[in-house]
Amino acid sequence: GIAWDFEVQQLTFGGGCWGGFFALGLALSITAATSNVDSWRMHLELTCLRLNTSKFFLVLDFALASIQCIHFCVRTYTASLSMVGFVLEAISALFCLCLMLPYWGFAHCEGIVSGVAWMFMDRAIPDALMIGAIASLPVTEHEGKKTWFAPSWLAAFHLLRTWGKLLRAYKINMEIFRNQIIDAIVSTAFKVYLLAMAMLSFENLGEPAIFQSFSQEKWNTVSSVYFILTSVATVGFGDMAPVTSVGRISTIFAIYFGLAWLATVAYRSLQILAVNQTGGGFFEPILHSKYIVVIGNPTGLMLRNFLAEIFHPDHAEDADDLHVSVILSPGHVGMDLVTDWLRQPENIQMLPRIHIFQGTALSEQDLNRVTISAATCVFILPNLLCRSVMQEDTENIIRMMAVQKYVPKVRFILLLLRAENRKLLTEAHMDNNVTTVAFDQFKLEMAGKSCMVHGSGPLLSNLCKSIGIDDDDEDDEDWEAEHKPQWKKDFERGCGLEVYEVELSPVYAQRDATFIEVVVDIIEQTGGLVYLVGLVEVRSDSKKVLVNPGPTFKIKQSMPGFKIMGIFLASDREAIMQCDVGMVFLGRRERISMEEGDVGREDDVGDAVQKLKVKEDDVPEMNHVSLKAEHKAAALHLARVARRHQRSLKPLRPPLKRLAVGGHIIVLAVGTETNEDLRLGIEHFVKPLRQNIIADELIPVVVLSAIQPRDWFNVENCDQVYFLQGSPTSLLDLQRANFTGASAIFITNAGAGSADAEKQESWTVDFEVICCTRLVESQLPVGSPTLVLSDIVVDSNHPFLPLPGLHGQPTKDAQMRGLQGKENQGRWPWSKRQETTMKRPKHKVEEYYVQPRFAAGRL
């Protein structure tokens, strides 16, 4: 039968099940707060992610929940429970229990608040009641009778939850109208079933004993509340009606005022929901937690990449208690992109810790909404697709000034588009607690270094971006071992390295070691698996980073308030081995006395480098001018500046003889035709090409652009830097620069952005760079040593720049990444490998990070 006498026993079992999970969860949360359970938490998080995305488990969960729901409907007609039916219920309940455990464990490992919220707000209550009721069926009885009833209809919650996950797992396009209609119908059917079975159960169970005393009269508290709610909701079942005049008058007023109240509450609820979903609301971080605020005008793609790096699993320990608030301008198109990305299954763990608001950093009210006073750091990110670079940098500096007024001691990290705009900060004395990164300087210096040392650009990029190399099958490994070039073998091994900051052993300072000796010692100690690339001098109030301080740099002794840290490249922290007390120092080599022959060589190089330094222009006409000393110095300075300006208006053209020799570097600036204020920042590109280089080893640099850069005066006094006016997409102009004889060609997108660039298709942003790259590579002869470096704005456009000479089709994994293998004639010496490639049809087209090409991507 079915009665409350049976149900009370089932509720006792279910409540005991829930209480047991709650008590164990609290114990687990306390253990997680006092012990290191990061590995367990990582495993549980990965398990939850697999369960949310595994088609097998999702289909199995959906099938078992459907069987439970259908079986419950059948039992309501037969009023009996067979042994087969009980076995099906038990299997479904056991699967539900196993499915619940990883989510329960992960929620409590996150903390007590997270665990309690999961127990009350998530799946714990319905699952515990259903599992407890089914488990109690064999022992539940009243007056010697068994019951067929158990609330198996609660499995409909599983159907609702699993249905949405299945749509995402099978990548159903929900933008199609038909799919939207089907989703709405199916979801509504599940909800109707859930409510209908709840009503069926409660009505068949009858009046609980606790309410029987209240139901003896027709008009009691419960029935009166029921009458008012049904009347205000304009349902009016008619089973109850007032019979007195005062009661009828009260009903009239109640309906009219109730309707107005109901409409007001519904409107306010929708308004509150809309405000919170569109960037309104308020956030206050937990006390003593890490908290950063992001302001500025970043694109949706840039913000998504920024958040993905902040919460990357490689530094999950640092981001354990981190919350991020982002303030975007009202109507920002990137807000929907980031919100949809956060709701994907693989990012669902980040969603509670990222808070997106609409507002402005200039408003004190908006800054209070994100609790700016609790921030430990503020990032200011620009729009890399902006129309005016100067305006974008200026606006971000003003945003930073507005925030500094309220939190002057908070650390600021400002990304500028142009290095020259740093002067706006230093001249206004606003550079305290501010770390600035100049986008054009970093990109162009890395590109310039890549022209000298091929692959240095991808190497630096991979150190800052976590990647992985897919393991090939055995046939591929055998083939690769025989044919893969050595640079790629070394490069793929290096892709597994990360940057670590570890305290340097005091033995090095005690033995008066130099930086190069420490580098050699660490290489010897680790068998060439770990590299020391720099030092960090840590004081109580500051840090000084020294990347490659020089081979003769003496290692300083650590002392109270001062520490020497090493910057290591290693696969993990445990792989770093240093010389300790009692160990053999393997880095010491016989030092060549500075008084011996090397001094001559060093002096020669120094003299040659001195020749490259800029000489001040002599102004003979100023020699006969009678002025005060300070006035004459100012006049001399003005005269020199005027001469530099005049020379910059007529930049040097490359000599034909120098072009004919070849070996020069060409910079192709595309997208400049519509840019009236073109500023290339070419001085940053030239800087690494001119550092510590003697005069005889100078590499000429030729800039080919449709219009002359306004900032050419920064390089007009540099030796062998030339300008050639022309179109980089014109074969004739490329031939004028002798591009086939160049040692390297750097293609950069120097054009201005577009106001609606983020709304356009991503490939349109880089189409000029792509066309220019393909044109250059198609004209280079096979086997040409010329290196082509392409600067693309959107890193996902790299499939449009395949390496010339690749044959065959990409693997399934490459297709999933959007790569396409196309046959293309090019400059690389693939002709010797074509026969082997044809015999090996599964030739891989790898990701761009293992290609000898510079694909920047404005990440």
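The values are calculated or read from the model by the stated rules, or taken from the named source; none is laboratory data. Everything numeric in this text was worked out from a predicted model, so none of it was measured. Positions of Cβ are generated from backbone atoms using ideal geometry, with glycine treated the same way; all protein chains shown enter the neighbour counts. Note: areas computed on protein heavy atoms with side chains; ligands, DNA, RNA excluded. Shrake-Rupley method; radii C 1.70, N 1.55, O 1.52, S 1.80 Å.
Below, the figures for the structure above:
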| item | result |
| --- | --- |
| Residues satisfying the stated conditions in the stretch 327-340, i.e. out of contact with any Asp or Glu (no Cβ under 8 Å at 6 or more places or on another chain) and buried (at least 18 other Cβ atoms within 10 Å of the Cβ) | LEU328, HIS332, MET335, VAL338 |
| Failed item, numbered, when MET130 is tested on (1) closer than 29 Å to GLY25 by Cβ; (2) of a type outside the set (Gly, Ala, Ser); (3) open to solvent by 20 Å² or more (accessible area, probe 1.4 Å) | (3) |
| Residues satisfying the stated conditions in the stretch 306-326, i.e. under 9 Å from the mean Cα position of the chain (by Cα) and open to solvent by 50 Å² or more (accessible area, probe 1.4 Å) | GLU309 |
| Matching option when the condition is within 20 Å of VAL499 (Cβ to Cβ) and exposed (fewer than 13 other Cβ atoms within 10 Å of the Cβ), among VAL547, VAL536, VAL584 | VAL547 |
| Output for the stretch 687-702, where each listed residue is modelled with pLDDT of 90 or more and under 37 Å from the mean Cα position of the chain (by Cα) | VAL701, VAL702 |
| Among residues of the stretch 159-171, those that are open to solvent by less than 70 Å² (accessible area, probe 1.4 Å) and either in contact with an Asp or Glu (Cβ under 6 Å, 6 or more places away or on another chain) or part of a loop (DSSP other than H, G, I, E, B) (or both), counted | 1 |
| Given (1) touching a helix residue (DSSP H, G or I) at 6+ places or on another chain (Cβ under 9 Å); (2) open to solvent by 20 Å² or more (accessible area, probe 1.4 Å); (3) farther than 23 Å from LEU460 by Cα, index of the condition GLY561 fails | (1) |
| Among the residues listed as PHE713, PHE746, the single one being closer than 26 Å to VAL389 by Cβ, open to solvent by 40 Å² or more (accessible area, probe 1.4 Å) and in contact (Cβ under 8 Å) with a residue 40 or more places away in the chain | PHE713 |
| Among residues of the stretch 657-673, those that are open to solvent by 40 Å² or more (accessible area, probe 1.4 Å) and within 16 Å of GLN725 (Cβ to Cβ), counted | 1 |
| Residue tally, condition closer than 20 Å to GLN725 by Cβ and surrounded by fewer than 13 Cβ atoms within 10 Å (Cβ to Cβ), over the stretch 637-651 | 4 |
| Residues that are surrounded by fewer than 17 Cβ atoms within 10 Å (Cβ to Cβ) and either modelled with pLDDT under 85 or not in a helix (DSSP H, G or I) (or both), drawn from the stretch 115-127 | MET121, ASP122 |
| Residue ID - most open to solvent (accessible area, probe 1.4 Å), chosen from residues in the stretch 565-581 that are of a type in the set (A, V, I, L, M) and either in contact with an Asp or Glu (Cβ under 8 Å, 6 or more places away or on another chain) or closer than 11 Å to THR526 by Cβ (or both) | MET577 |
| Lone qualifier among VAL338, VAL326, VAL293 - being without any contact (Cβ under 8 Å) to a residue 40 or more places away in the chain and not in a helix (DSSP H, G or I) | VAL326 |
| Residue in the stretch 97-111 that is of a type outside the set (A, V, I, L, M), touching a residue at least 12 places away in the same chain (Cβ under 8 Å) and not in a helix (DSSP H, G or I) present | yes |
| Among the candidates LEU195, LEU154, residue that is more than 24 Å from ARG343 (Cβ to Cβ), within 49 Å of the chain's Cα centre (by Cα) and modelled with pLDDT under 85 | LEU195 |
| Checking GLY279 against (1) at pLDDT below 85; (2) touching a Phe, Trp or Tyr at 6+ places or on another chain (Cβ under 7 Å); (3) open to solvent by 60 Å² or more (accessible area, probe 1.4 Å), the condition it does not meet | (3) |
| Residue satisfying all of: in the stretch 35-83; among the acidic types (Asp, Glu) and open to solvent by 40 Å² or more (accessible area, probe 1.4 Å); modelled with the highest pLDDT among these | GLU45 |
| Candidates LEU680, LEU668, LEU659 - the one that is in a helix (DSSP H, G or I) and under 24 Å from GLN735 (Cα atoms) | LEU659 |
| Flag if ARG690 is in contact (Cβ under 8 Å) with a residue 40 or more places away in the chain, among the basic types (Lys, Arg) and within 24 Å of VAL453 (Cβ to Cβ) | yes |
| Hey, ALA32 open to solvent by less than 50 Å² (accessible area, probe 1.4 Å), out of contact with any Pro (no Cβ under 7 Å at 6 or more places or on another chain), without any contact (Cβ under 8 Å) to a residue 40 or more places away in the chain and assigned to a helix (DSSP H, G or I) or not | no |
| Count of the stretch 377-391 residues which are at pLDDT below 90 and not basic (Lys, Arg) | 8 |
| Filter result for ARG268 (in a helix (DSSP H, G or I) and touching a Pro at 6+ places or on another chain (Cβ under 7 Å)) | no |
| Near pairs, Cβ below 9 angstrom, 6+ apart or cross-chain, from the stretch 153-168 (among the polar types (S, T, N, Q)) to any residue that is surrounded by fewer than 19 Cβ atoms within 10 Å (Cβ to Cβ) | THR162/VAL59; THR162/PHE62 |
| Residue match in the stretch 781-792 (condition: at pLDDT 75 or above, more than 20 Å from VAL667 (Cβ to Cβ) and either in contact with a Pro (Cβ under 8 Å, 6 or more places away or on another chain) or buried (at least 19 other Cβ atoms within 10 Å of the Cβ) (or both)) | yes |
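Yes/no per residue for (1) open to solvent by 40 Å² or more (accessible area, probe 1.4 Å); (2) touching a helix residue (DSSP H, G or I) at 6+ places or on another chain (Cβ under 6 Å); (3) farther than 22 Å from ILE682 by Cβ; (4) outside any loop (DSSP other than H, G, I, E, B):
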| position | (1), (2), (3), (4) |
| --- | --- |
| GLN365 | yes, no, yes, yes |
| LEU385 | no, yes, no, no |
| MET390 | yes, no, no, yes |
| ALA402 | no, no, yes, yes |
| PHE412 | no, yes, yes, yes |
| HIS454 | yes, no, no, no |
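Matching residues to (1) open to solvent by less than 100 Å² (accessible area, probe 1.4 Å); (2) under 60 Å from the mean Cα position of the chain (by Cα); (3) modelled with pLDDT under 75:
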{"position": "ILE228", "(1), (2), (3)": "yes, yes, no"}
{"position": "VAL235", "(1), (2), (3)": "yes, yes, no"}
{"position": "ALA241", "(1), (2), (3)": "yes, no, no"}
{"position": "VAL246", "(1), (2), (3)": "no, no, no"}
{"position": "THR251", "(1), (2), (3)": "yes, yes, no"}
{"position": "GLY258", "(1), (2), (3)": "yes, yes, no"}
{"position": "THR264", "(1), (2), (3)": "yes, yes, no"}
